Amino acid sequence: MTIHGSRSLFLLSMLAALYLQFLPLSPGLSAARPLWLAMVLGYWALYGPNVSVIAAAVLVGLASDTLYNTPLGQHVLGFTLLVYTLIRLRSSLGLYSLWQVTLLLLPIWGLLALLMFLFDGMAKNPSQLLGRFLPVATSLLCWPLVNITLDAMRGKRMSI
């Protein structure tokens, strides 16, 4: 895929993740909503070509802070740290298969959820610990689907 094509796919996938993240759901389903933005940002940080994923993490974080009515910078910091960590791990995670990368991403998403929980506590926003970590579990289940879908859209063959 060309650089221009990968940028358009990057933008399209970020818009789809934003839509899925903020899609209104019932309270029961909303509590288990996967971390769509974190998964798509993570995919591009790990496997994407030279696109500015950190800048996208800042913009998406600002949008999340605004739409979730959280303190300005909460999601910016979380998404930026997530992307930076994955960019630093990019070379070593490229050696593992999909299911191994999925298990290795679990603690990173868990740290993101813990950071969001701590920010909520400092801002005195009511948040339950289970409510913050249930999306991490559903993200673990959805990551292979996101990874395979974006690989297929990029024309890359993936080994499971």
**Q.** Directionally averaged projected area (convex hull, Cα atoms, segment 1-67), nm²
**A.** 4.7
**Q.** Per residue, in Å², the accessible surface of segment 60-143 once ligands and nucleic acids are set aside, probe 1.4 Å
**A.** 56
Q: Throw me the Rg/Rh for segment 30-108, computed over C-alpha atoms with Kirkwood Rh, two decimals.
A: 0.99
Q: Among Ser64, Ser97, Ser139, determine the one that fluctuates most according to a GNM of the chain built with springs between C-alpha atoms less than 10 Å apart.
A: Ser97
Q) How high is the relative contact order of segment 31-95, in percent, with contacts defined as C-alpha pairs under 8 Å that are six or more residues apart? A) 37
Q: Any chance you could check the Cα centroid distance between segment 1-69 and segment 92-129 for me, in angstrom?
A: 15
Q: Considering only protein heavy atoms, with the full assembly of protein chains and a 1.4 angstrom probe, order Thr66, Thr149, Thr80 by accessible area, largest first.
A: Thr66, Thr149, Thr80
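The values are calculated or read from the model by the stated rules, or taken from the named source; none is laboratory data. Since this is a predicted model, take the numbers as computed values, not measurements. Calculation scope for accessible area: heavy atoms of the full protein, side chains included, ligands and nucleic acids excluded. Shrake-Rupley method; radii C 1.70, N 1.55, O 1.52, S 1.80 Å.
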